[in-house]
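**Student:** My questions will all concern the structure given below.
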Amino acid sequence: MIYHKLGKIPAKRHTVFMSDNDQYYYEQLFGTEGFHGVSSLLYHISRPTQIKSVGKAIDLSPKAAIEKNITPRLVKGFHVPPQDDFIEGRTVFFFNDDLTIGVSAPKKSMTDYFYKNGNADEMLFIHEGSGTLKTFVGDIDFEYGDYLIIPRGTIYQLHFNDENNRLLVVESFSPIKTPERYRNNVGQLLEHSPFCERDIKLPVLADPIDEKGDFLIKVKKDNMLHDITYATHPFDVVGWDGYFYPYGFSIHDFEPITGRIHLPPPIHQTFEGHNFVVCSFVPRLYDYHPKSVPAPYNHSNIDSEEVLYYVDGDFMSRNHIEKGFFTLHPGGIPHGPHPGAMERSIGKEKTEELAVMIDPFRPLKITQEALDLQDSSYVYSWLEGDDLKGIPPQIE
Ligand SMILES: [Fe+2]
C-alpha cells in the first residue's frame, strides 16, 4: 500500500482539530486487523456513530447445492439477467470459508442508500460498464478492465454511466493484498513486479457533505444485509491520511512476464488473500524457444481449486469459450488444454487472451445458481471421437 493523504488533517494525530467556525472534527481510526494492521485516520464533521434505527435484515447466504465437488464445470456468467440493484442482484456461484465468487449485472446506480461490507474485502472486476466508486475517503472513476479493491468497512456507492454493467464480484474474508514477493520490507513494489505504484488508481476526496437527516447504510455482516439508518451523511470526511483505502488497478496495466519456454501461472499473480490468489492473463508474446509449446501442460492443481473467468480474446487452451464464462477445475484431479489446443498453439507468436483466474486453496461449494447456468457437458470436453459415444448428456 501507499501512504496517501487527502483534505485537511491536524498536524498531530489524536489532538484537537476544529473547523474555521470552531466546530470539533471527529477522528476515526479505520482499519480491519485490530490495531496492528494497515489503517487510516479519518476526520468527520459529525460523529460517525449516530444510529437512528436498525431495520430489517435480508439473508443473502449462498446455499450449497453441491457441498463436495470433483467435477470440472463451466458456468455462463453473462446469462445472469441484469437487475436494478447491485447488492441484491449479486449472484454467487462458488464459495467457501475464505471467499465467494460471483457476478452482478446492475442497471441502476446506488443513489438512495449506501453500502458497507462489514466482514469481507471486496474485489470488483469491471467487465462491462463505467462510472464512479464513491466512498467516504474519496472517489475512483472506473472503466472496463478495472479491478476495484474495497477494504471491508468502506462505506460506498457505485454510480454507473449507463445501464449496461457486468461485474465479477469476489468477497474475501481476509485482506486482499498485492503479492508479498513483489514488495520490499517497507511495502514498495519491487522492480520485477508486473505493476507498480504509478498504476494504482487512488481515491480523490470530494467536498465533505455536511447534512443531517436519514441516511440508510446497508451493512452486510455474516451474510445478512442489515438496514441501519444514521443521522448524518456518511461522506462528511474533511481529510484523512494513512495506508488503508479502496483503490483501482486496470488489468490493462498488468505487464506480462514472458519467457523462452512456458512459465507457470504464478507469473500472472496480481493479488492474494488468505488461502487464495488472483491472477491476470493478459495479451502477451508467447514463449520464444524455437520448439516451445505455448499452451499450458496438463497439470494437477496441487492443494488448489482453479476458477477462470474469461474476459476477452481467444483463450488459447480452451475450445468454445465466450465472454463471461467461468470454468472451475477442482483440486484433486489434473486438467489441461482441450483437444487440439496444444497443437494449435505451436508456432504462434502472441495471444490476445484476457482473463481473471482465482485459485482458492480450499474446496469450493457450488450454488444452484451456478448449476442453473452450467454447460453440463463440459466435464466430457476433453474426449475425442468414439470416446464421446454413449456419454450421458447431463450431469448434476
Ligand atoms: Fe490450470
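**Student:** Calculate the spin-label point distance for Asp372 paired with Thr229, positioning each point 7 Å from the Cα along the beta-carbon direction, and give it in nanometres.
**Tutor:** 3.2 nm
**Student:** If N is the number of residues in the stretch 204-264, what value comes out of its Cα radius of gyration divided by 2.2 N^0.38 Å?
**Tutor:** Against the empirical 2.2 N^0.38 Å value, I get 1.93 for the stretch 204-264.
**Student:** How much length would be gained if the chain were fully extended between Asp199 and Glu211, taking 0.36 nm per residue of separation minus their Cα-Cα distance, in nm to one decimal?
**Tutor:** Gain in length upon complete extension: 0.9 nm.
**Student:** Per residue, how many Å² of accessible area does the stretch 4-250 show with a 1.4 Å probe?
**Tutor:** Here the residues of the stretch 4-250 average 45 Å² of exposed surface.
**Student:** Using only the alpha-carbon atoms, what does the stretch 73-157 span along each of its principal axes? Please give whole angstrom values in decreasing order.
**Tutor:** So the three principal-axis extents are 40, 28, 24 Å.
**Student:** Using only the alpha carbon atoms of the chain, find the Kirkwood hydrodynamic radius as the inverse mean reciprocal pair distance, in angstroms to one decimal.
**Tutor:** 22.5 Å
**Student:** Suppose R0 equals 41 Å; then what is the FRET efficiency for Tyr380 and Asp312 from their Cβ-Cβ distance, rounded to the nearest 0.05?
**Tutor:** Numbers: r = 26 Å, r/R0 = 0.64.
Approximately 0.95, to the nearest 0.05.
**Student:** If a paramagnetic tag sat 7 Å from the Cα of Tyr144 along the Cα-Cβ line, which residues of the stretch 303-326 would have the backbone N under 14 Å from that point?
**Tutor:** Only 311-314, 323-324 pass the distance filter.
**Student:** Next up: Between the alpha-carbon centers of the stretch 271-297 and the stretch 194-252, tell me the distance in whole angstrom.
**Tutor:** 33 Å
**Student:** Now, a different point. Near Glu369, within a Cβ-to-Cβ distance under 13 Å, what is the net charge of the other residues, with Lys and Arg +1 and Asp and Glu -1?
**Tutor:** Here the count lands on +4.
**Student:** Further question: Efficiency by 1/(1 + (r/R0)^6): what FRET value for Arg362 and His36, r their Cβ-Cβ distance, R0 = 25 Å, to the nearest 0.05? Mind showing how you got there, number by number?
**Tutor:** Details: r = 25 Å, r/R0 = 1.00.
Once rounded, the FRET efficiency stands at 0.50.
**Student:** Roughly what would the spin-label model give for Asn319 and Ile302, points 7 Å off Cα along C-beta, in nm?
**Tutor:** 3.1 nm
**Student:** Given a 1.4 angstrom probe, I'd like the percentage of the accessible area of the chain that is carbon and sulfur, rounded to a whole number. If you can, show how the numbers build up before the last one.
**Tutor:** Details: 9450 of 18640 Å².
Answer for the chain: carbon and sulfur cover 51 percent of the accessible area.
**Student:** Could you calculate the contour length gain from Asp84 to Lys5, that is, 0.36 nm times the residue separation minus the distance between their Cα atoms, to one decimal place in nm? Before the final figure, lay out each step's value.
**Tutor:** Numbers: separation 79, 0.36 × 79 = 28.44 nm, distance 3.48 nm.
Once the chain is fully extended between Asp84 and Lys5, it gains 25.0 nm.
**Student:** Multiplying the sequence separation of His192 and Lys52 by 0.36 nm and subtracting their Cα-Cα distance, what value in nm do you get? Show your work: numbers first, answer last.
**Tutor:** Working: separation 140, 0.36 × 140 = 50.40 nm, distance 5.07 nm.
Difference between extended and current length: 45.3 nm.
The values are calculated or read from the model by the stated rules, or taken from the named source; none is laboratory data. Since the structure is predicted, the reported quantities are computational estimates derived from the model, not experimental observations. We place every Cβ from the backbone using ideal geometry, glycine too, and count neighbours over all the protein chains shown. Heads up: the accessible areas ignore ligands, DNA and RNA and are worked out on the full protein's heavy atoms, side chains in. Shrake-Rupley method; radii C 1.70, N 1.55, O 1.52, S 1.80 Å.
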